[in-house]
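Right, one structure below, let's go through it.
The values are calculated or read from the model by the stated rules, or taken from the named source; none is laboratory data. On a predicted model such as this, the values are computed, not experimentally measured, just so you know. Here Cβ is always computed from backbone atoms with ideal geometry, including for glycine, and neighbour counts include all displayed protein chains. The protein model used for the area step is the full one, side chains on, heavy atoms only, and it has no ligands, DNA or RNA in it. Shrake-Rupley method; radii C 1.70, N 1.55, O 1.52, S 1.80 Å.
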Amino acid sequence: MAGSESASAGHSADPNMVLTAIYFSSIAAIIIGTVVYFFVVARITDPEVLLLDLITTQREVQHLIDNLSGQFKNFFRLPLRWRAMKPYYAHHTLSWLFILSLIASFVVLVVSLAMDLPQVIRISTFTFFISLNALFMTRQHLYYIRRTYLTYDAEHYLVLDTTSFDSFEWSIFNVIQIGILVLEFFQLLSFPIRDLLDAIHLSNRQGVMDDDDSDTANFIIGIITMFANLNSKFYVIQLWFLVAVIICILVVMSAIHLYNSWWPHKPFALYWVKYLLPLANLLYLPMLVMLIGSASCLSKIGTEDYKDASSGLLRCSDPMIIKPLYLAVTVVAYTTGYVILTAFVTSFDRIPIKGEIHYKSQGVAFLKNTSMLLSIDFLLVANSYKHIRSILSLIIVLSMVCFNISTQPCFVSQINYWRSFGFCSILWVALVVTMLTSETDALPRISPGGIASVLAVGVVVIFAVFVIVKRLNRDSSSNDESASEHQGLVDSSKRSDGVSNCDQMVQPAASASAYTDYVADLRIKNSIIQNV
């Protein structure tokens, strides 16, 4: 009796239940917090300012919807004839190759599910996901080329490509954007860390780490990254919840599109769509990685990878789960969710405001797609090809580093700089994990503390290098500014000596013209307010 009481007293809560509760609570808190924030802002803002913001927001949202519609049209409309592909032969040819690969992998997946061929299911699932992502990336790249140079609003996008700011203000909106970047950093970092934990689990027979330690580490990663842990007890709830969310998004988009098509004289107000962007960016990876993890778990059943899987990692072998049904639902949900979410978060192209953290849509598209490729690489490539998986992860992360440095996807240079530091840190961790997982004989002889020390020291060294380079650049820019100011004073003094009376009369005229333009702008704004 006493033994049973002590056992029940020592029994702790199920970690997977706690993680699932935190997962749903976080989503609810984010949604409620977003609604409360915009509600409070609307109440404390001056009515005239709020009206101007509403007009600007409606124009920006209309621009977003036009971009979203353009992306969908560009994605689904592919020319069949060779002449019609001119001058984008490469984009259209690659698109058709990826479509053929997508169709072939889907047919093979259906046949292999009917015949219960686990290895074929695994390969066809990976091929389908990678073909879909490659197809969408190719179509998006073509869309951005056409949009920048062949649209009526080309000047708008050329301005976006040339705008840059040095710093940002500490506002609530910017703090939220920085929080999303930090969360994205830990989400991407979790992929090589999970791979390392999986490799350590496989070497448990040598006594490197207990299963409890591995489960604890995965529990902490799940809390930090908001990634769902697909335990069999809660896998069904999480999957169908996410499928229901994607269905709701699809139904709402279709209903609004049909309503605006049938009653174009009285369109549905969509200013609220702008407020969904931070929410979509925050939940982008957790939602899609959940579906990729589901496909990975289901496609592992019956293979050697599933037998070797850690108890804290992906599990979905509950007897009540029908593998063909759940895998088909996962594939369809991922296809729909990936296309809609990626097109949505990459369609917002507003002229940035100085001091505000905002991104170029083309940069968002590349980094979001490469993040999905990284998750597909780590979750869907079999352990028997771990060398290829590690090399692919290094190539993907290196491409993210190079893209962030070369294109500067954020309008604020400081954000681009420290985001490059984050990508370099992920690259270092991925490189160390690649070396450790390649040497399976040496891994049992290295303690977890030693591995953590190597990873931490490397990140600290990279941080020190970035701080030193940042300080050197700041000193160099300050010297250049002082030299330019001195040269400007010298040039202005020289010009003032030779100014004629006629030239002196031009300055008041110019200032008067500027004042007239300013008054005209004020009149236009006032007329807009009165009309509204």
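Numbers at a glance
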item	result
Solvent-accessible area of L472 with every protein chain in place, 1.4 Å probe, in Å² to the nearest 10	110 Å²
Overall Cα dimensions of the range 231-281, principal axis frame, Å, largest first	51, 23, 9
Overall Cα dimensions of the range 363-417 - principal axes, largest extent first, Å	42, 15, 13
Pair V252, I178: separation of 7 Å Cα→Cβ label points (nm)	3.0 nm
Cα-based equivalent ellipsoid, the range 331-450: semi-axes from gyration tensor eigenvalues, Å	32, 20, 10
Reciprocal mean inverse distance between Cα atoms of the range 40-110 - Kirkwood radius, Å	16.1 Å
Packing-based ranking, highest mean first, of 43-49, 424-430 given that Cβ atoms within 10 Å are counted	424-430, 43-49
Violating pairs (Cα-Cα greater than 23 angstrom) within the set K86/K368; K73/K360; K368/K470	K86/K368; K368/K470
Enclosed volume per residue, in Å³, of the convex hull spanned by Cα atoms of the range 352-394	70 Å³
Alpha-carbon centroid distance for the pair the range 321-391 / the range 395-431, whole angstrom	17 Å
Share of alpha-carbon pairs per 5 Å distance bin for the range 324-402, given as whole %	3, 13, 17, 17, 18, 16, 9, 5, 2, 1, 0
³J(HN,Hα) computed for each position of the range 88-99 - Karplus, 6.51 cos²θ - 1.76 cosθ + 1.60, integer Hz, glycine/proline x	9, 4, 5, 5, 5, 5, 4, 4, 5, 5, 5, 5
Peptides ranked, highest mean first, by Cβ atoms within 10 Å: ranges 176-182, 355-361	355-361, 176-182
